[in-house]
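S.K.: Please see the structure below; I have some questions.
The values are calculated or read from the model by the stated rules, or taken from the named source; none is laboratory data. What you are looking at is a predicted structure, and each value in this text was computed from that prediction instead of being measured. Note that we place each Cβ from the backbone using ideal geometry, even for glycine, and neighbour counts take in every protein chain shown. Surface accessibility is based on the protein's heavy atoms, side chains included, excluding ligands, DNA and RNA. Shrake-Rupley method; radii C 1.70, N 1.55, O 1.52, S 1.80 Å.
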Amino acid sequence: MTLSERYRGAAEYSFGDFSVWYWNSNGKFTFEVTRGEEDKIVHGETVLGDISRPSVQDKFRKILKSLFDLKGREGGKEAERIAREIIAEYNQIFKTKNKSTGESEDVDDWIEAKAEELLDDPYILREIKEYLDKKIVGEDQNKLLLFLIFLTKNTDPQACFLLAQSSTGKSYLVNNIKCLFEEDVLYYTRVTEKALDRIGKDITGKILWIGEGVGAKEAVEILRQWISEGKLRLLTNVKTEDGRLETQEIETVGKPVFITTQVEKKIDPELKTRVWTITLDESKEQTERILEFEARDFMFPGSSNNSDEELRVIRYALKSLKPYRVLVPYMGVLKETIPKQDVRIRRDFRKIGALIQACALLHQRNRPIIEIEGEEYLVATFADYRIVRSAILNSIKPTITGLDEEFETLLKAVKESGEGTVKEVTKKANELGLRLGQDNVYRKLNLLVDWGYLYVDKEGRRNIYELSPKSENNGNEFGLIRFQSLAERFGEKEFKEWLNSIYSVSVGYVENNNFSNPRLAYEDLKKYIYTPVTENENIELGGKPSSDSGDGSGETWNRVKPNRKDVKDENKPDLSLLDEEALERHRSIKIFIESECRKQKIDYLTTQDLLDWAVEKGVDSEQLDRDLQYLKTQGELYNPRGPDTWRAV
């Protein structure tokens, strides 16, 4: 067979005396490698699969690195460049088929460029939340937490129960976040008792959504084991064609993210220690927000086209995330701050770590990367802890205790009721705003007894309830220290001790990272600290924390300054006086300076560069000057080579 016959329909990429032949085989990236003038096959035909997946791209890169004998870190970069060029050419030549329509589907250049821009944004989660805000009114912390739980499919997959009464929007919330991960979601309205045991395939990186928790109850024992062990293995008897029984082993590999919704707020006690519980907002205020949101949808023209484009950009960006193992250097400090009386904290501690890893993975273009014995690791920063903390503040207590706000209020009612009878507790609970009848209160009090939060004594036909020690210890924050406290406890000394303990070969950064130091520095853990939930400012650590502690936590920090003594703290404008438009403008200026300096490999931009940018954005020169001076006083910009040069700190 001649070369032209063998590789008919294939494309060729040359590297030295190697030729990489690649083609589309039933929608899957397939390649073969030959060498020399005789085109000797040095790597036989290999079907890799969906080349848009980061894990497949990473495998292709490693094969090329080995075949081309590319050594060390520079060799890794060269292999990545070659793989990127081949994949880009493949995407242009061979159109992949849309699984649902069978039509050709190309990711156009605009979507790809926007996705790259989004991945480069150090505040990427704020952009994603702004998209979700257009779909889901309110539920700020819940939608952020649920998104992070979905994202753990790439790290340590988590499980989640959404709890609320009917018509509160549980499925609507999941559906709108599910859309961002569409290809990886397995959806079932319900499952039978034996169904999970018989999946029998690799579902690593998948999200399993069972529509209503009642469907999963039959399979709760299997589910508990799956969440804990990460795989299922069933030995069963099956009938052959001739009617004989034959022993067969069915193995389901990989642990998915597990999501379900439930009206009844009672979760199996053994299962609830393994899952996050999210309780939706059932308040009158949230109902008012939803009605206003729905009314506007009827009253004004929509912008579904723009929304669809945003969805495609976010989807493509999430698919483009590279797989990394994530190190969280300060987890040892967090370990010291959590209560250790209850053994279940062992699982809950891991849940928090998994969300921090997922957050770092999302921000990977703006997180340090270290290399240990030839393998690259992503390093989570204080920013990841802050984001996760702000997302879980409402959910961490019910997740750890298994109690939502309603049960917490009942405990308070028992404490303040005097006698502790059902009648007295019901009266006090209604004074506290619960609006429950005696039958409901009786049922829920007995659940609290079952869970160990209450004791019950019989006095004739009356039940007398009182708090147990478990409920008395139920008011702490479960070790969720504020991020500035974390930074104080995990200082430069602790950082160096951690780095020395894991440092093996070399420490550095990937080519397109925002960090310029040749080695990992403590200051890198302090970059880009923000939260998309409650604050609009993007802050960096430095100075002393203020007395305000909100953030949902109210944490505020003074800005890091570029070691310029002429900038005084007392001269800083009050950030709280800025409107949303000004904050967005300041963020855009800083991102533009950072990205242009990185792209052009220069140290600074001139005022004229910024004026040209401002004209494109419709910002007048006087406003730009005010913005630049403001950012300078905030310590976010400085003048490296005179007053007309600008660089981001």
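S.K.: Run Glu89 past the list (1) surrounded by 16 or more Cβ atoms within 10 Å (Cβ to Cβ); (2) of a type outside the set (Phe, Trp, Tyr); (3) farther than 24 Å from Lys206 by Cα and report the number of the one that doesn't hold.
M.R.: Answer for Glu89: the failing condition is (1).
S.K.: In addition: Being part of a helix (DSSP H, G or I) and either acidic (Asp, Glu) or on the phi > 0 side of the Ramachandran plot (or both) is the filter here; which residues of region 136-158 pass it?
M.R.: Listed by number, the list holds a single entry, Asp140.
S.K.: So which residues in region 40-72 are surrounded by 16 or more Cβ atoms within 10 Å (Cβ to Cβ) and farther than 16 Å from Lys319 by Cβ, if there are any at all?
M.R.: Once the filter is applied, which keeps residues that are surrounded by 16 or more Cβ atoms within 10 Å (Cβ to Cβ) and farther than 16 Å from Lys319 by Cβ, region 40-72 yields His43, Arg61, Ile63, Leu64, Lys65, Leu67, Phe68, Leu70.
S.K.: From Ala383, Ala358, Ala354, Ala391, grab the single residue that is at pLDDT below 90, open to solvent by less than 40 Å² (accessible area, probe 1.4 Å) and not in a loop (DSSP other than H, G, I, E, B).
M.R.: Testing whether each residue is at pLDDT below 90, open to solvent by less than 40 Å² (accessible area, probe 1.4 Å) and not in a loop (DSSP other than H, G, I, E, B) leaves just Ala391.
S.K.: Of all residues in region 613-649, how many are more than 21 Å from Ile529 (Cα to Cα), touching a strand residue (DSSP E or B) at 6+ places or on another chain (Cβ under 9 Å) and among the β-branched types (Val, Ile, Thr)?
M.R.: 1
S.K.: Please state which of the following conditions Ser19 fails to meet, knowing it meets all the rest: (1) surrounded by fewer than 18 Cβ atoms within 10 Å (Cβ to Cβ); (2) over 26 Å from Gly374 (Cα atoms).
M.R.: Among (1) surrounded by fewer than 18 Cβ atoms within 10 Å (Cβ to Cβ); (2) over 26 Å from Gly374 (Cα atoms), Ser19 violates only (1).
S.K.: Across region 458-479, what is the total count of residues that are modelled with pLDDT of 85 or more and either out of contact with any Phe, Trp or Tyr (no Cβ under 8 Å at 6 or more places or on another chain) or charged (D, E, K, R) (or both)?
M.R.: 2
S.K.: Additional query: Only helices (runs of 4 or more DSSP H) wholly contained in region 159-263 count here; list those with 3 or more residues that are modelled with pLDDT of 75 or more, of a type in the set (Gly, Ala, Ser) and surrounded by fewer than 19 Cβ atoms within 10 Å (Cβ to Cβ).
M.R.: Output list is empty.
S.K.: Next question. Pairs needed: first member in region 436-460, at positive phi; second member anywhere, open to solvent by 70 Å² or more (accessible area, probe 1.4 Å); C-beta distance under 6 Å; at least 6 residues apart or different chains.
M.R.: Close Cβ pairs (under 6 Å, with a partner that is open to solvent by 70 Å² or more (accessible area, probe 1.4 Å)) amount to Gly452/Lys470.
S.K.: List the residue pairs whose Cβ atoms are under 6 Å apart, where the first residue sits in region 607-628 and is among the aromatic types (Phe, Trp, Tyr), the second is open to solvent by less than 90 Å² (accessible area, probe 1.4 Å), and the two are 6 or more positions apart or on different chains.
M.R.: Cβ pairs passing all conditions: Trp613/Phe592.
S.K.: If you take the residues in region 131-146 that are of a type in the set (A, V, I, L, M, F, W, C) and more than 10 Å from Leu173 (Cβ to Cβ), which one is most open to solvent (accessible area, probe 1.4 Å)?
M.R.: Among them, the one singled out is Val137.
S.K.: Does Glu424 satisfy being out of contact with any Asp or Glu (no Cβ under 7 Å at 6 or more places or on another chain) and modelled with pLDDT under 80?
M.R.: Here the answer is no, as Glu424 does not meet what is asked.
S.K.: Sticking with this one: Can you tell me which residue within region 604-649, out of those that are of a type in the set (Asp, Glu) and in a loop (DSSP other than H, G, I, E, B), is surrounded by the fewest Cβ atoms within 10 Å (Cβ to Cβ)?
M.R.: My answer is Asp620.
S.K.: Provide a single number: the residues in region 438-460 that are out of contact with any strand residue (DSSP E or B) (no Cβ under 8 Å at 6 or more places or on another chain) and open to solvent by 40 Å² or more (accessible area, probe 1.4 Å).
M.R.: 7
S.K.: Next up: If we keep just the residues of region 22-39 that are in a strand (DSSP E or B) and open to solvent by 60 Å² or more (accessible area, probe 1.4 Å), which is nearest to Asp69 (Cα to Cα)?
M.R.: Out of the qualifying residues, it is Arg35.
S.K.: Given the options Lys40, Lys59, name the one that is among the charged types (D, E, K, R), within 26 Å of Ile369 (Cβ to Cβ) and modelled with pLDDT of 80 or more.
M.R.: Lys59
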